[in-house]
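Peer 1: Provided herewith is a single structure, encoded as structure tokens, for subsequent inquiry.
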């Protein structure tokens, strides 16, 4: 759940940044209403129970209602939809409006079987992309911690030039507190 909360909390910080752009024609205080976070978990038996607990704490997931067969037919996925008012930081502390965080619209797709990353991308684009018809899609792997304004800068690349079809952000290794992560040769390299 640490990897999930690191990513989700980073997204929530970015949504707060979008809403702080009060002079923007697109964003502003209700900018969160233009953003939908789609979370796709690749396999009900594969997702860590603590990640599901984190989603439940945010109000997104309800344990015990997913069934693998309905009307004698196998289920492919379970979809939960919720607008959460809270974020869980990587230390599992709740942050909400009292800390300046904005609401976040979430669609959580819990796939019944583990069918790998490419299949999850298909779910995102074919199912949710068609339903939501977004102008911009940003894909993040769990564990990626976006900087507080990173998603805004990615969006801005698309907004400034209609010919832009893709953009990539910079990935930096987390050095840890007191840069202790640099003792790990993989981080240090």
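Peer 1: Using a Förster distance of 22 Å, how high is the FRET efficiency between residue 79 and residue 121, based on the Cβ-Cβ distance and rounded to 0.05?
Peer 2: Working: r = 16 Å, r/R0 = 0.75.
The pair residue 79/residue 121 has a calculated efficiency of 0.85.
Peer 1: Before rounding to the nearest 500, sum -39500 (n - 2.57) across all DSSP H runs of length at least 4 in the chain and divide by the residue total; then give [θ] at 222 nm in deg cm²/dmol.
Peer 2: Dividing the helical sum by the residues of the chain leaves -8000 deg cm²/dmol.
Peer 1: Where does each of 87, 20, 162 land when they are ranked from fewest to most other beta-carbon atoms within 10 angstrom? Please report the intermediate quantities before stating the final value.
Peer 2: On the way: 87 23, 20 17, 162 7.
Ordered from fewest to most neighbouring Cβ atoms within 10 Å, 87, 20, 162 come out as 162, 20, 87.
Peer 1: Modelling each spin label as a point 7 Å along the Cα-to-Cβ direction, I'd like the residue 136/residue 70 distance in nm, to one decimal.
Peer 2: That separation, rounded to one decimal, is 3.4 nm.
Peer 1: Also, I was wondering about something else. Please give the contour-minus-distance gain from residue 57 to residue 144: 0.36 nm per residue of separation, less the Cα-Cα distance, rounded to one decimal in nm.
Peer 2: Details: separation 87, 0.36 × 87 = 31.32 nm, distance 2.07 nm.
Stretched fully, the residue 57-residue 144 segment lengthens by 29.2 nm.
Peer 1: Quick one: grab the alpha carbon gyration tensor of the chain, order the square roots of its eigenvalues as a ≥ b ≥ c, and give me rounded if a/c is under 1.5, else prolate or oblate depending on whether a/b is larger than b/c. List each step's numbers first, then the result.
Peer 2: Details: a/c = 1.45, a/b = 1.20, b/c = 1.20.
Because its axes are fairly even, with a/c under 1.5, the chain counts as rounded.
Peer 1: Take the alpha-carbon centre of region 54-75, take the same for region 86-139, and report the distance between them in whole Å.
Peer 2: Region 54-75 and region 86-139 have Cα centres spaced 16 Å from each other.
Only the coordinates and a few stated rules stand behind these numbers; no lab work does. On a predicted model such as this, the values are computed, not experimentally measured, just so you know. Because the Cβ atoms are built from the backbone with ideal geometry, glycine has one as well, and the counts that use them run over all protein chains shown.
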